[in-house]
Protein chains: 2
Amino acid sequence: MESANDELLQKEAELNNLRLRLKVLERVTEVAANIEDMKRVLSQLLDLAVEITSSEAGSILLRHGDYITIEAAEGPKANLLTDLKLPLGSGIAGWVAKTGVSLLSNNVKKDEHWDSRIAEAIQYETKNILCLPIKSGIEVLGVLELINKRNNKDFVQDDLDISLIFTSFLAQTLENSRLLREMNDRIKELSILIETSTLIGSTLDLKQLLHIIMDKLKEVMRAEASSIFQIDEVTNELFFLVATGEKGQEAKEIRVPWGKGIVGWTAEKGEILNVPDVTKDKRFFIGVDEKTKWKTRSILAVPLKIKGKIIGVAEVLNKIGDESFDERDEKIFEAIGKQAAIAIDNARLYTDLSELFKSSIRALVNAVEAKDKYTRGHTERVTEYSVIIAKELGLLPAEIERIELSGLLHDIGKIGIPDRILLKPGKLTNEEFEVVKEHPVRAVKMLKPIKQLSTVFDGIQYHHEKLDGTGYPEGLKGDTIPLVARIITIGDAFDAMTTDRPYRDALAKEEAIRRLKQDSHTQFDPELVEVFLKCLEKVAL
Amino acid sequence: MESANDELLQKEAELNNLRLRLKVLERVTEVAANIEDMKRVLSQLLDLAVEITSSEAGSILLRHGDYITIEAAEGPKANLLTDLKLPLGSGIAGWVAKTGVSLLSNNVKKDEHWDSRIAEAIQYETKNILCLPIKSGIEVLGVLELINKRNNKDFVQDDLDISLIFTSFLAQTLENSRLLREMNDRIKELSILIETSTLIGSTLDLKQLLHIIMDKLKEVMRAEASSIFQIDEVTNELFFLVATGEKGQEAKEIRVPWGKGIVGWTAEKGEILNVPDVTKDKRFFIGVDEKTKWKTRSILAVPLKIKGKIIGVAEVLNKIGDESFDERDEKIFEAIGKQAAIAIDNARLYTDLSELFKSSIRALVNAVEAKDKYTRGHTERVTEYSVIIAKELGLLPAEIERIELSGLLHDIGKIGIPDRILLKPGKLTNEEFEVVKEHPVRAVKMLKPIKQLSTVFDGIQYHHEKLDGTGYPEGLKGDTIPLVARIITIGDAFDAMTTDRPYRDALAKEEAIRRLKQDSHTQFDPELVEVFLKCLEKVAL
């Protein structure tokens, strides 16, 4: 009877233990299923561990490099402990995290690993501690610490056994959560890249593009400033194209010799360079900071490469917040650098071609004009006047571009006119003048097959029309004369008056202005004349 | 004593049950932790369930829409069951999957839901079945089916209870795995997008770009063919720019009226259109298939938009394999369409500008030449001859482009020469000829400030040099005369000989060829003359 009762009691105890373990497992698995909200999972599992082991307090600390950080805390002083960072190896939790060995102490003050500072700081009397590593394979991810068994009891082996269920679950859950977090980070990175690539692919205007890239870099990299250096192949220097950020304006003119400074090194080696603290890097060239009165702390610089050729360097300066740029920043910056290089290269090709086009037209027009000492430089000046008026009117860049091209081509129809008329020293006969008057229509006829030029025909065809309808070729009146033609006609007339002609010397500027005013309403648009005269004062042409 | 013994036996039974449950939980949690390899997890959990419940066989079926598919099978005929697809609601597993209610039957042949066909097909005698839903909330993700309790026993409530541990774990694990899979899919999609965007951003050559986009689309969308339609703003038609795939060549010339066919609809509505079966879609325009002898089954078409304006339509045809394009395809295609539209727009702007540049030069040169009936069209023809030679030599596109531009500008220096010399009807005096001979140097001087033109100076400056050193301006000899100049000089001479001159009529083509051959070695590069004569035969210029 005695022995049967003993056996019964023993079975009963074992049953209780198993029931508890099952209950723990069931509740733990319920909580741990949700790996999307790790903070909540940790806090719920800790609550459960504290409850099941009848502890007063507890915390879960996770390892980050050489530190362990309190990620969840439970108990009377829990709120004082959140996010506390402790060195690996120091204190009981630190020792368990470092060694991966569990520790059970019912008299912590006697334990050789005990560090009383935290307990003292939060004024919490610690008597006993049960501390277990959270391990995935041999890697220690963190520790579970349970403090002060209730009712002044000691922690026992059973408490440790039961707690192992928690740490094993925590390890699994942390692993899965790490995987999710890594994937989430990757998705964020890739999304940023796509957004950036769409944004920077959308313009071929180099200046605008560089501003867009720089702004985006500051935002994405969380940097205080950013710059793009281009390589000047003539002087072998790197120069700032733009610089945004507080001191962006001042930094615009900086040049750095090839191989010098962080930027020069990056260009020379063709590799990304991360300088967490410029004061400790000999390559850092203080000259730029001195010139710009900017204080650089950290730099991340990436070479811009197209088909293996370095075309420049992009850099971000001073990561916002305490830290410097990390490995993830490097990865994103390299990827953006690749996209940026492509976009910059495309924009440069376009800008180059656009300049080639305009300078070629200019060169040919100048060559034609150069045969006549009287008209030499006329087109250049008329174009300049027209552009100044267009800018003063606040027209859009595309419209200004159109007016510039119209100006350059306005007299192109004269190419077909024989030298004997065009270069005639005296006054022209009526017949000769009729031939000259054909030049606006000749020009349009000549350029008609070029569909991209259709927008400039207005300016070319109608730049000899007059407001009162006495001009040519069509005798248009007032507002029916296109704006661009009304603009060019003013510059055209002003230049004709202020330069020598075969039949008269150049008029004084004042006289030319007087005539412009006098012929407003009949020949010229009075508002545009006003605008032109305002420009003349400003720039003292 | 009797009662104590009973109690002891009862405790012992309960203990055994709890021990089993704990063992199951422990083993299950071990397996279920790895959510990265779902196939393995399912098979391991099934093994465990079969073992723990002492079943002969078992399977895990997951729901995909209106079907359940066997994802893991265990038992003597397991290999015959893999990937079997069953309709939801049919058979015991189908009923459990549909209703979410567990079913335990120890005489399946009497069960109203029993469908004997599978058992008969695999010749497997089924006596009893335990079938449980795998549920996440109210959603049924699949079922766990256990078949034939060993030793001819019946399944009991305990088997069902223990199996609930498995299904609860399976549900959690499937949920997490679904999350991972979704994230993985997203990462793959985004990576494809970035790769595509980098690839298509890397060229401004419209023709090359369209080929790159089409190839990439076929690959990424797993389609048999792909095309890009552009909008012809004059005729309001959509036309194929390129078409890749088996019948790509034949499809190149197809035009579709605005609003007509799948492509026209897509352009008009500005929305993506997914046609899984073209035979069932009235919008499908059979004309293209008839013309190309291509058999279209499914189409996915996406509008190409730039700042809200439709510039074209991209489509992929016939998804490889059984299925048509799905929602995920739509998402990726829309994203690629966005990138493609940007790249196409950039390339068009560049191509447009490039054409504008060349046609403007052409127009100005033609205008200058038009003053002289003898040289009218000379530059065009010389350029044409030079380009034909360059192509026959197999030079790179950039080099051919350079030769074209050199040809267009080769006589540009004549602009500065007075009409009285240039248009003189008779023979020139020595002094006059000296002025004419200045034109290569004049041209280079005139174009010098345009750095982008530096590559064409060779052709312009040296197109009057002769192999024996008697040419001008520098009297270069043999190979020291740049290739481009040696090419232009042949076209230049041939055109001069075959057109009228003030001092003689045009020579017959045969006579011109004879003179070219005769002056090989002294004036012309003999190899290039050979090449030119070959071209002449081919194209019958």
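The values are calculated or read from the model by the stated rules, or taken from the named source; none is laboratory data. Everything quoted here is computed from the prediction, not taken from an experiment. So basically every Cβ, Gly included, is an ideal-geometry build from the backbone, and we count neighbours across all protein chains shown. We work out accessible area using only protein heavy atoms, side chains counted, and drop any ligands, DNA or RNA first. Shrake-Rupley method; radii C 1.70, N 1.55, O 1.52, S 1.80 Å.
Scan the stretch A:186-237 residue by residue and report those that are within 14 Å of another protein chain (Cβ to nearest Cβ) and of a type in the set (Ser, Thr, Tyr). Spell out the reasoning first.
Narrowing the stretch A:186-237 to residues within 14 Å of another protein chain (Cβ to nearest Cβ): A:186-206, A:208-209, A:212-213, A:232-234.
Listed by number, the residues that qualify are A:SER191, A:THR196, A:SER197, A:THR198, A:SER202, A:THR203.
Matching residues to (1) β-branched (Val, Ile, Thr); (2) touching a residue at least 60 places away in the same chain (Cβ under 8 Å); (3) not assigned by TED's automatic domain parsing to the domain that holds A:ALA506:
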| residue | (1), (2), (3) |
| --- | --- |
| A:HIS378 | no, yes, no |
| A:THR383 | yes, yes, no |
| A:ALA390 | no, yes, no |
| A:LEU393 | no, yes, no |
| A:GLU399 | no, no, no |
| A:SER406 | no, yes, no |
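If a residue must be free of Cβ contacts under 8 Å to residues at least 60 places away in the same chain and buried (at least 20 other Cβ atoms within 10 Å of the Cβ), how many such residues does the stretch B:154-167 contain?
Adding up the residues that qualify gives 1.
Evaluate the stretch B:519-538: report whether one residue or more is part of a helix (DSSP H, G or I) and either closer than 23 Å to B:LYS445 by Cα or among the small types (Gly, Ala, Ser) (or both). Spell out the reasoning first.
Step one: filter the stretch B:519-538 for residues part of a helix (DSSP H, G or I), giving B:526-538.
In the following step, the residues that additionally are either closer than 23 Å to B:LYS445 by Cα or among the small types (Gly, Ala, Ser) (or both) were identified as none.
No.
Going by what's in this entry, would B:LYS427 be described as open to solvent by 70 Å² or more (accessible area, probe 1.4 Å), away from chain A (no Cβ under 14 Å) and touching a residue at least 24 places away in the same chain (Cβ under 8 Å)? Break it down stepwise before answering.
Working: open to solvent by 70 Å² or more (accessible area, probe 1.4 Å): yes; away from chain A (no Cβ under 14 Å): yes; touching a residue at least 24 places away in the same chain (Cβ under 8 Å): yes.
Yes, satisfied.
Name the strands (runs of 3 or more DSSP E) wholly inside the stretch B:178-273 in which the number of residues that are open to solvent by 10 Å² or more (accessible area, probe 1.4 Å), over 30 Å from B:ALA398 (Cβ atoms) and modelled with pLDDT of 85 or more is 1 or more.
Strands (runs of 3 or more DSSP E) meeting the threshold: B:223-232, B:237-244.
For A:ARG486, work out the one condition from (1) of a type in the set (D, E, K, R); (2) part of a helix (DSSP H, G or I); (3) surrounded by fewer than 18 Cβ atoms within 10 Å (Cβ to Cβ) it doesn't fulfil.
(3)
Does A:ALA512 satisfy the criteria of being outside any helix (DSSP H, G or I), within 25 Å of A:ASP372 (Cα to Cα) and assigned by TED's automatic domain parsing to the domain that holds A:VAL441?
Details: outside any helix (DSSP H, G or I): no; within 25 Å of A:ASP372 (Cα to Cα): yes; assigned by TED's automatic domain parsing to the domain that holds A:VAL441: yes.
In short, no.
Of the conditions (1) modelled with pLDDT under 95; (2) farther than 18 Å from A:THR522 by Cβ, A:ALA496 satisfies every one except a single condition; which number is it?
(2)
Take the residues in the stretch A:346-362 that are facing chain B (nearest Cβ under 7 Å) and polar (S, T, N, Q); name whichever of them is farthest from the chain's Cα centre (by Cα).
Checked the stretch A:346-362; the qualifying residue farthest from the chain's Cα centre (by Cα) is A:SER360.
Which one is farthest from B:SER168 (Cα to Cα), of the residues in the stretch A:30-75 that are open to solvent by less than 10 Å² (accessible area, probe 1.4 Å), β-branched (Val, Ile, Thr) and within 14 Å of chain B (Cβ to nearest Cβ)?
A:VAL41
Is there a residue being polar (S, T, N, Q), modelled with pLDDT under 95 and closer than 30 Å to A:SER197 by Cβ anywhere in the stretch A:356-370?
no
I'd like the full set of residues that are open to solvent by 40 Å² or more (accessible area, probe 1.4 Å) and either assigned to a helix (DSSP H, G or I) or aromatic (Phe, Trp, Tyr) (or both), limited to the stretch B:359-386.
Selection gives B:ARG362, B:ASN366, B:ALA370, B:TYR374, B:GLU380, B:ARG381, B:GLU384.
Return yes when A:GLY89 is open to solvent by less than 40 Å² (accessible area, probe 1.4 Å), outside the structural domain of A:ASP326 (by TED's automatic domain parsing), without any contact (Cβ under 8 Å) to a residue 24 or more places away in the chain and closer than 17 Å to A:ILE134 by Cα and no when it is not.
yes
Which condition does B:LEU349 not pass, out of (1) under 26 Å from A:LYS448 (Cβ atoms); (2) open to solvent by less than 10 Å² (accessible area, probe 1.4 Å), if it passes all the others?
With respect to (1) under 26 Å from A:LYS448 (Cβ atoms); (2) open to solvent by less than 10 Å² (accessible area, probe 1.4 Å), B:LEU349 is out only on (2).
Test B:ILE336 against the stated conditions and say whether it is within 31 Å of the chain's Cα centre (by Cα), more than 9 Å from chain A (Cβ to nearest Cβ), farther than 25 Å from A:GLN339 by Cβ and aliphatic (A, V, I, L, M).
For B:ILE336, the condition - within 31 Å of the chain's Cα centre (by Cα), more than 9 Å from chain A (Cβ to nearest Cβ), farther than 25 Å from A:GLN339 by Cβ and aliphatic (A, V, I, L, M) - is not met.
May I ask you to verify whether A:GLU145 is of a type in the set (D, E, K, R), in the same structural domain as A:ILE70 (by TED's automatic domain parsing) and open to solvent by less than 70 Å² (accessible area, probe 1.4 Å)? Step through it out loud before you land on a result.
Numbers: of a type in the set (D, E, K, R): yes; in the same structural domain as A:ILE70 (by TED's automatic domain parsing): yes; open to solvent by less than 70 Å² (accessible area, probe 1.4 Å): yes.
Taking the combined requirement at face value, the residue satisfies it.
Given the conditions (1) in contact (Cβ under 8 Å) with a residue 12 or more places away in the chain; (2) outside the structural domain of B:ASN152 (by TED's automatic domain parsing), and given that B:ASP6 satisfies all but one, which numbered condition is not satisfied?
In the conditions (1) in contact (Cβ under 8 Å) with a residue 12 or more places away in the chain; (2) outside the structural domain of B:ASN152 (by TED's automatic domain parsing), B:ASP6 misses (1) alone.
Looking at the stretch A:460-473, can you tell me whether even one residue there is within 14 Å of chain B (Cβ to nearest Cβ), out of contact with any Cys (no Cβ under 9 Å at 6 or more places or on another chain) and either crowded, with 19+ Cβ neighbours inside 10 Å or assigned to a helix (DSSP H, G or I) (or both)?
Yes, the stretch A:460-473 contains a residue that is within 14 Å of chain B (Cβ to nearest Cβ), out of contact with any Cys (no Cβ under 9 Å at 6 or more places or on another chain) and either crowded, with 19+ Cβ neighbours inside 10 Å or assigned to a helix (DSSP H, G or I) (or both).
On the given criteria, is A:ALA343 within 14 Å of another protein chain (Cβ to nearest Cβ), in contact (Cβ under 8 Å) with a residue 60 or more places away in the chain and in a helix (DSSP H, G or I)?
yes
Could you figure out which of (1) modelled with pLDDT under 95; (2) touching a Cys at 6+ places or on another chain (Cβ under 8 Å) isn't true of A:ILE122?
It fails just one condition, (2).
With the requirement that a residue be closer than 17 Å to A:ILE213 by Cα, of a type in the set (D, E, K, R) and surrounded by fewer than 22 Cβ atoms within 10 Å (Cβ to Cβ), what does the stretch A:280-318 give you?
Once the filter is applied, which keeps residues that are closer than 17 Å to A:ILE213 by Cα, of a type in the set (D, E, K, R) and surrounded by fewer than 22 Cβ atoms within 10 Å (Cβ to Cβ), the stretch A:280-318 yields only A:LYS305.
B:GLY137 - would you say it is more than 10 Å from chain A (Cβ to nearest Cβ) and open to solvent by 40 Å² or more (accessible area, probe 1.4 Å)?
Criteria met by B:GLY137.
Give me a count of the residues in the stretch B:143-177 that are part of a helix (DSSP H, G or I), more than 14 Å from chain A (Cβ to nearest Cβ) and at pLDDT 90 or above.
Total satisfying the criteria: 7.
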